[in-house]
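First the structure, in the form of structure tokens, and then the observations on it.
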Amino acid sequence: MGDLGVLILSRRKQRGLSRRQVARAAGISEEYLRRIETMGKVPNDEVVIRLAEVLEIDMQQAVLMAHRDRAPEAAKAFFPVFRKPLSRAKELVSVPVVAYVDALEPFRIDLNKPAIDEIPLSAVTLPEKVASSHLYAVRVKGNSMLPLFRDGDDLVAKPASIGTIREADVVIFQDVEGNSWVKLVEFQGDEVIFRSLSPLRRPIRRRIDEAVKLDKVTLVLRK
């Protein structure tokens, strides 16, 4: 089931509306709405906007959520998820921002230190099977990571083994000296190539067993 379907179902129940009421108001069939809510059907933008109007959902976020649901898995991390919550407060979780980052200098992550900030997230935006307590974020400072990331973006990461990371994923890479970078991943034989998001930095090549820590960026939060 896609994030949009979860959100629509949750919002409809929160407002005490029947599926028939919402479908009629949005100009779609009750069966079509059932497929959106329970089967992962992603409607076109026109239907998304009508449903957002009926359910009083932020239209911009609803459309972006629909586009993210339709995107290939490898591309989902590049879709911003705006911080404005769309569900009830009890469904919110908090993710700590632990460091400022840019493409030109390494940074340090210490999850035991006080967080720079806390990000409230709706539960529907979290990656499947990931507890909020396992997530953290880093905040982009400056524009050295354009065009992918810009100043103020928060990159939410989850600890991940090398086996879960795929070609062209964005990761937070930490070396044996404890230095971390935000990088794009490329695999060549028994080596991992960490490509910078800035043309001013050369790629870093490491054997797979030299990559001490690889955390996959799963969400991009944009103000």
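Restricting to region 168-223, give me the number of residues that are assigned to a strand (DSSP E or B) and hydroxyl-bearing (S, T, Y).
From region 168-223, those assigned to a strand (DSSP E or B) are 170-174, 180-188, 191-195, 204-207, 213-221; that's our starting set.
Narrowing the set further to residues that are hydroxyl-bearing (S, T, Y) leaves 180, 218.
So the answer is 2.
Can we say G189 is more than 14 Å from P106 (Cβ to Cβ) and surrounded by fewer than 19 Cβ atoms within 10 Å (Cβ to Cβ)?
In short, yes.
If Y32 meets every condition in (1) closer than 18 Å to K76 by Cβ; (2) in a helix (DSSP H, G or I); (3) of a type outside the set (A, V, I, L, M) apart from one, which number is that one?
All conditions pass for Y32, except number (1).
Kindly indicate which of E46, E37 is outside any loop (DSSP other than H, G, I, E, B), modelled with pLDDT of 90 or more and touching a helix residue (DSSP H, G or I) at 6+ places or on another chain (Cβ under 7 Å). Steps first, please.
Numbers: E46 fails: touching a helix residue (DSSP H, G or I) at 6+ places or on another chain (Cβ under 7 Å).
Just a single option satisfies the conditions, and that option is E37.
Of everything in region 1-59, what is loosely packed, with under 15 Cβ neighbours inside 10 Å and touching a residue at least 60 places away in the same chain (Cβ under 8 Å)? Give them in sequence order.
The answer is Q14, and nothing else.
When the residues of region 101-135 are narrowed to those that are closer than 26 Å to P147 by Cα and surrounded by fewer than 13 Cβ atoms within 10 Å (Cβ to Cβ), which ends up modelled with the lowest pLDDT? Explain how you work it out, then say what you get.
The initial filter retains those residues of region 101-135 that are closer than 26 Å to P147 by Cα, namely 101-109, 116-121, 125-127, 135.
After this cut, where a residue has to be surrounded by fewer than 13 Cβ atoms within 10 Å (Cβ to Cβ) as well, the list is 105, 108, 117-118, 120.
Values: E105: 93, R108: 93, D117: 90, E118: 85, P120: 71.
Residue satisfying both the conditions and the ranking: P120.
The values are calculated or read from the model by the stated rules, or taken from the named source; none is laboratory data. No experiment lies behind these values; they were computed from the predicted model shown. Methodologically, a virtual Cβ is constructed for each residue, glycine included, from the backbone with ideal geometry; neighbour enumeration extends over all protein chains shown.
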